[in-house]
Amino acid sequence: MYFTGHPCKRGHVACRYTANYQCVTCARLDRAKYRKKATQKQQRLLGEPIPQTVPKPFPAQQPPLGLMEAFRRYLIRKLS
Ligand SMILES: [Zn+2]
C-alpha cells in the first residue's frame, strides 16, 4: 500500500494497493458492486428474491416500574 496524493481515475485521493494500483475507495466500491451483482445472479438462478436480513425494530422501552410510580405520585401531588 502506498500513497501518491494524486486522485485516482475516479477522483479519490486515497491510499492505493501496490498490487493493482487501485485506490482503496475504488476497491471498496468494486467489492460492493460485485456483491450486489452476485446477489442478483443468485436471485435469477433461484427464481426468487433472497430474503434480506431486516433489522428487528427495537421493543418499546418500558420505563422501570419504580420510575412510573414516582411519576404517578408526582402527578397526584401536583394535581391535588
Ligand atoms: Zn478511486
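The values are calculated or read from the model by the stated rules, or taken from the named source; none is laboratory data. None of these values were measured; they are calculated from a predicted model. Using ideal geometry, Cβ is built from the backbone for each residue, glycine included, and neighbour counts are taken over all protein chains shown.
Return the residues of the range 37-49 that are surrounded by 10 or more Cβ atoms within 10 Å (Cβ to Cβ) and in a loop (DSSP other than H, G, I, E, B); say none if nothing qualifies. First the steps, then the outcome.
Filtering the range 37-49 for residues surrounded by 10 or more Cβ atoms within 10 Å (Cβ to Cβ) gives 37-43, 49.
Matches in the range 37-49: PRO49 only.
All but one of (1) in contact (Cβ under 8 Å) with a residue 12 or more places away in the chain; (2) more than 16 Å from the ligand (Cβ to nearest atom) hold for GLU48; state the number of the condition that does not hold.
It fails just one condition, (1).
Would you confirm, using the coordinates I've provided, whether LYS9 is exposed (fewer than 10 other Cβ atoms within 10 Å of the Cβ) and within 12 Å of the ligand (Cβ to nearest atom)?
On the way: exposed (fewer than 10 other Cβ atoms within 10 Å of the Cβ): yes; within 12 Å of the ligand (Cβ to nearest atom): yes.
Yes: the conditions hold for LYS9.
Taking the options ALA27, ALA38, ALA32, ALA70, name whichever one is more than 16 Å from the ligand (Cβ to nearest atom) and either within 27 Å of the chain's Cα centre (by Cα) or on the phi > 0 side of the Ramachandran plot (or both). Explain how you work it out, then say what you get.
Numbers: ALA27 fails: more than 16 Å from the ligand (Cβ to nearest atom); ALA32 fails: more than 16 Å from the ligand (Cβ to nearest atom); ALA70 fails: either within 27 Å of the chain's Cα centre (by Cα) or on the phi > 0 side of the Ramachandran plot (or both).
Answer to the selection: ALA38.
Residue under question is VAL13, and the condition is that it be modelled with pLDDT of 80 or more and assigned to a loop (DSSP other than H, G, I, E, B); does it hold?
Working: modelled with pLDDT of 80 or more: yes; assigned to a loop (DSSP other than H, G, I, E, B): yes.
Taking the combined requirement at face value, the residue satisfies it.
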